[in-house]
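> Got a structure for you, written out below as structure tokens; questions coming shortly.
The values are calculated or read from the model by the stated rules, or taken from the named source; none is laboratory data. Predicted, not measured: the structure shown is a model, and the values here were computed from it. In this analysis, Cβ positions are derived from the backbone assuming ideal geometry, glycine residues included, and neighbour counts consider all displayed protein chains.
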Amino acid sequence: MLFLRGHARLLLGLLLLAACNEPVDDMITPPAPKPEVTTANWNARADSAQTALHQYFWANQYYQQDNLGKTRFHYWWQAHGLDVLLDGYQRTSAQDYITKMQQLQQGAKKQNGNTYLNTFYDDMAWHALANLRAFQVTKDQSYKATALLLWADLKNGWSTSQGGGIAWNKDQLDYKNTPANAPVAILAARLYQLDRNPDDLAWATKIYEWQKKTLVDPTTGAVWDGINRQGNGQIDRDWRFTYNQGVFLGAGLELYHATQQSTYLDDANRTAGYVVNDSQLSPGGILRDEGGMDGGLFKGILVRYLSLLATEPAVPAATRARYVSFLKFNGESLYKQGMRRPQYLFNTSWTTQPGGTVDGSTQLSGVMMFEVMADLQARKLL
């Protein structure tokens with residue numbers, strides 16, 4: 001009995017030892033905790049950007065030159081200021097935006113010599129566009145009256161010099177460029193959609209066709225800046241700005257809305273595709289740094305019109321997704337890299353933080369980008 005009990009204990013020990021050496025293949029490993037995903041709140045970010053714009057740049061009923069108190073008045077910047085206030089109002093319905101719009105209109109007129117008319121046709125075009133939009137949003141007839149006042153003067157800029165087109169400047173009538181013509185084509189097409197005056201559509205078509213024939217590369221859709229700037233009849237093909245691409249694709253989109261002719265939408269998509277893929281305009285997928293002062297507004301203008309194209313129902317789904325992805329990539333880069341916290345001040349480069357001085361134009365572009373992101377998020381496109 002003692003032998004058997006000892007043998008049994010030995011056998012049990014050997015079995016236990018063998019069991020300890022067997023690989024464990026049935027152990028259940030608990031899953032790694034998933035990282036918490038937070039959804040960007042672009043509505044809140046747009047609110048913060050709007051607050052910073054007013055805090056650092058508002059001066060006696062207009063937007064001043066920079067955040068450090070330089071109060072110089074820039075006429076065409078105020079038109080984009082009105083557009084940005086409209087963005088905020090349409091997103092929030094907050095009446096404070098209406099009050100600021102009215103104050104800005106009074107301030108811009110006062111600072112411009114108590115008139116909305118100006119020497120530069122392109123600058124007047126921007127004010128006409130912003131006022132027309134303000135009328136459509138608020139139904140305040142005073143905005144439409146201002147838009148029509150400017151429209152009447154803008155038509156005087158057309159001549160047969162360089163084969164047609166609206167002049168850039170009343171003191172240089174034989175120099176025609178994209179910044180004057182494409183926005184005026186947008187204006188005329190929108191006026192036609194509002195009032196159905198065939199004369200407005202005729203103007204929109206005439207200006208657009210001159211612009212497309214003279215200042216757009218038919219193969220790539222690249223938009224050149226102007227012709228005869230130096231009095232030699234030459235086209236500034238090397239002047240390729242995001243701004244010019246934005247206004248031309250915007251003109252194509254508005255003429256498509258006015259006529260339902262697909263060729264206009266095709267033009268807009270060709271130019272938009274060029275912007276998204278061009279290594280000079282958007283190196284690494286980020287819209288390039290085009291400097292401060294007037295250049296600070298260029299990216300914001302492109303973003304505004306590209307977003308309108310991205311939300312056009314007739315744009316193919318795959319194309320829309322490409323535009324939205326591009327806009328999102330730029331918006332996130334601006335938020336994460338191109339903005340100074342906690343002030344919400346923006347840089348001319350959307351990949352690096354700004355220095356001490358930020359121009360009002362640059363800040364306006366940043367607000368436009370954030371408002372576009374908030375709009376895309378509200379449409380559930382992000």
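> Among the residues of the stretch 289-312, what is the count of those that are without any contact (Cβ under 8 Å) to a residue 60 or more places away in the chain, surrounded by fewer than 23 Cβ atoms within 10 Å (Cβ to Cβ) and in a helix (DSSP H, G or I)? First the steps, then the outcome.
Going through the stretch 289-312, the residues without any contact (Cβ under 8 Å) to a residue 60 or more places away in the chain turn out to be 290-291, 305, 308, 312.
Checking which are surrounded by fewer than 23 Cβ atoms within 10 Å (Cβ to Cβ) leaves us with 290-291, 308, 312.
Next, from what is left, pick out any that are in a helix (DSSP H, G or I): 308.
Residues in the stretch 289-312 being without any contact (Cβ under 8 Å) to a residue 60 or more places away in the chain, surrounded by fewer than 23 Cβ atoms within 10 Å (Cβ to Cβ) and in a helix (DSSP H, G or I): 1 in total.
> With the checklist (1) surrounded by 22 or more Cβ atoms within 10 Å (Cβ to Cβ); (2) part of a loop (DSSP other than H, G, I, E, B) in hand, flag the one item LEU85 doesn't pass.
Going through (1) surrounded by 22 or more Cβ atoms within 10 Å (Cβ to Cβ); (2) part of a loop (DSSP other than H, G, I, E, B) one by one, LEU85 breaks only (2).
> Kindly check whether there is at least one residue in the stretch 66-76 that is surrounded by 12 or more Cβ atoms within 10 Å (Cβ to Cβ), assigned to a helix (DSSP H, G or I) and at pLDDT 95 or above.
The answer is yes; a qualifying residue exists.
> What are the pairs with Cβ atoms under 8 angstrom where one residue, in the stretch 262-288, is touching a residue at least 60 places away in the same chain (Cβ under 8 Å) and the other, located anywhere, is among the aliphatic types (A, V, I, L, M) and outside any helix (DSSP H, G or I)? Sequence gap at least six, or different chains.
LEU287/LEU281
> Give me a count of the residues in the stretch 247-296 that are of a type outside the set (D, E, K, R), touching a Lys or Arg at 6+ places or on another chain (Cβ under 8 Å) and farther than 30 Å from GLN193 by Cα.
4
> To continue, here is another question. Keeping to the stretch 119-144, report how many residues are closer than 30 Å to LYS213 by Cβ and either assigned to a helix (DSSP H, G or I) or over 25 Å from the mean Cα position of the chain (by Cα) (or both). Lay out the reasoning, then the answer.
At the first step, the residues of the stretch 119-144 found to be closer than 30 Å to LYS213 by Cβ are 119-133.
Retained after the next criterion (residues that are either assigned to a helix (DSSP H, G or I) or over 25 Å from the mean Cα position of the chain (by Cα) (or both)): 119, 121-133.
Matching residues across the stretch 119-144 total 14.
> Can you spot a residue in the stretch 245-262 that is out of contact with any helix residue (DSSP H, G or I) (no Cβ under 6 Å at 6 or more places or on another chain), within 16 Å of VAL216 (Cβ to Cβ) and not in a loop (DSSP other than H, G, I, E, B)?
no
> Go through SER333, SER325, SER365 for me and flag whichever is of a type in the set (Gly, Ala, Ser) and touching a Gly at 6+ places or on another chain (Cβ under 7 Å).
Numbers: SER333 fails: touching a Gly at 6+ places or on another chain (Cβ under 7 Å); SER325 fails: touching a Gly at 6+ places or on another chain (Cβ under 7 Å).
Among SER333, SER325, SER365, only SER365 is of a type in the set (Gly, Ala, Ser) and touching a Gly at 6+ places or on another chain (Cβ under 7 Å).
> Taking the criterion of being touching a residue at least 40 places away in the same chain (Cβ under 8 Å), among the β-branched types (Val, Ile, Thr) and buried (at least 24 other Cβ atoms within 10 Å of the Cβ), would at least one residue in the stretch 111-127 satisfy it? Give the steps one after another, and end with the answer.
Applying the first criterion (touching a residue at least 40 places away in the same chain (Cβ under 8 Å)) to the stretch 111-127 yields 111, 118-123, 125-127.
With among the β-branched types (Val, Ile, Thr) added as a condition, the list becomes 119.
Now drop any that are not buried (at least 24 other Cβ atoms within 10 Å of the Cβ), which leaves none.
No, because not a single residue in the stretch 111-127 is touching a residue at least 40 places away in the same chain (Cβ under 8 Å), among the β-branched types (Val, Ile, Thr) and buried (at least 24 other Cβ atoms within 10 Å of the Cβ).
Condition check ((1) under 18 Å from GLY366 (Cα atoms); (2) aliphatic (A, V, I, L, M)) across all residues:
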site	(1), (2)
ALA49	yes, yes
ALA52	yes, yes
TRP58	yes, no
LYS70	no, no
VAL84	yes, yes
ASP87	yes, no
SER93	no, no
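> Among the residues of the stretch 37-65, write down those that are part of a loop (DSSP other than H, G, I, E, B), in contact with a helix residue (DSSP H, G or I) (Cβ under 7 Å, 6 or more places away or on another chain) and at pLDDT 95 or above.
Restricting attention to the stretch 37-65, the residues satisfying the condition of being part of a loop (DSSP other than H, G, I, E, B) are 37-41, 59-62, 64-65.
Narrowing further to those that are in contact with a helix residue (DSSP H, G or I) (Cβ under 7 Å, 6 or more places away or on another chain): 60-62, 64-65.
Of everything in the stretch 37-65, those that are part of a loop (DSSP other than H, G, I, E, B), in contact with a helix residue (DSSP H, G or I) (Cβ under 7 Å, 6 or more places away or on another chain) and at pLDDT 95 or above turn out to be GLN61, TYR62, GLN64, GLN65.
> May I ask you to say which residue of ALA182, ALA108, ALA147, ALA152 is among the hydrophobic types (A, V, I, L, M, F, W, C), assigned to a helix (DSSP H, G or I) and under 24 Å from ASP267 (Cα atoms)?
Working: ALA108 fails: under 24 Å from ASP267 (Cα atoms); ALA147 fails: under 24 Å from ASP267 (Cα atoms); ALA152 fails: under 24 Å from ASP267 (Cα atoms).
Testing whether each residue is among the hydrophobic types (A, V, I, L, M, F, W, C), assigned to a helix (DSSP H, G or I) and under 24 Å from ASP267 (Cα atoms) leaves just ALA182.
> What about ASP153, is it farther than 11 Å from TYR121 by Cα, free of Cβ contacts under 8 Å to residues at least 60 places away in the same chain and touching a helix residue (DSSP H, G or I) at 6+ places or on another chain (Cβ under 9 Å)? Even if it seems obvious, please write down each step before you answer.
Details: farther than 11 Å from TYR121 by Cα: no; free of Cβ contacts under 8 Å to residues at least 60 places away in the same chain: yes; touching a helix residue (DSSP H, G or I) at 6+ places or on another chain (Cβ under 9 Å): yes.
In short, no.
> Here is a further query. How about the stretch 143-159: which of its residues are closer than 14 Å to PRO183 by Cα and among the aliphatic types (A, V, I, L, M)?
Residues satisfying the conditions are ALA147, LEU150, LEU154.
> Any idea how many residues of the stretch 185-206 are without any contact (Cβ under 8 Å) to a residue 40 or more places away in the chain, in a helix (DSSP H, G or I) and over 23 Å from the mean Cα position of the chain (by Cα)?
Of the residues in the stretch 185-206, 5 are without any contact (Cβ under 8 Å) to a residue 40 or more places away in the chain, in a helix (DSSP H, G or I) and over 23 Å from the mean Cα position of the chain (by Cα).
> Give the stretch 237-256 a look and list any residue that's more than 18 Å from the chain's Cα centre (by Cα), under 23 Å from SER159 (Cβ atoms) and crowded, with 18+ Cβ neighbours inside 10 Å, or say none. If you could, list the steps in order and put the result at the bottom.
To start, the set of residues in the stretch 237-256 that are more than 18 Å from the chain's Cα centre (by Cα) comprises 237-239, 255-256.
Next, from what is left, pick out any that are under 23 Å from SER159 (Cβ atoms): 237, 239, 255.
Answer for the stretch 237-256, where residues must be more than 18 Å from the chain's Cα centre (by Cα), under 23 Å from SER159 (Cβ atoms) and crowded, with 18+ Cβ neighbours inside 10 Å: just LEU255.
> Checking the structure you have, find out if any residue of the stretch 353-372 is touching an Asp or Glu at 6+ places or on another chain (Cβ under 7 Å), among the small types (Gly, Ala, Ser) and either closer than 20 Å to ASN67 by Cα or surrounded by fewer than 23 Cβ atoms within 10 Å (Cβ to Cβ) (or both).
Checked against the condition, which is being touching an Asp or Glu at 6+ places or on another chain (Cβ under 7 Å), among the small types (Gly, Ala, Ser) and either closer than 20 Å to ASN67 by Cα or surrounded by fewer than 23 Cβ atoms within 10 Å (Cβ to Cβ) (or both), the stretch 353-372 yields at least one hit.
> Among the residues of the stretch 1-22, are any over 27 Å from ALA134 (Cβ atoms), at pLDDT below 95 and assigned to a loop (DSSP other than H, G, I, E, B)?
Residues of the stretch 1-22 that are over 27 Å from ALA134 (Cβ atoms), as a first pass: 1-22.
This time we only want the ones that are at pLDDT below 95, so: 1-22.
Adding the requirement that they be assigned to a loop (DSSP other than H, G, I, E, B) leaves 1, 22.
Looking for residues that are over 27 Å from ALA134 (Cβ atoms), at pLDDT below 95 and assigned to a loop (DSSP other than H, G, I, E, B), one finds at least one in the stretch 1-22, hence yes.
> Can I ask one more? When residues of the stretch 313-362 are filtered for being in contact (Cβ under 8 Å) with a residue 60 or more places away in the chain, touching a strand residue (DSSP E or B) at 6+ places or on another chain (Cβ under 8 Å) and part of a loop (DSSP other than H, G, I, E, B), how many remain?
The number of residues fulfilling the criteria is 2.
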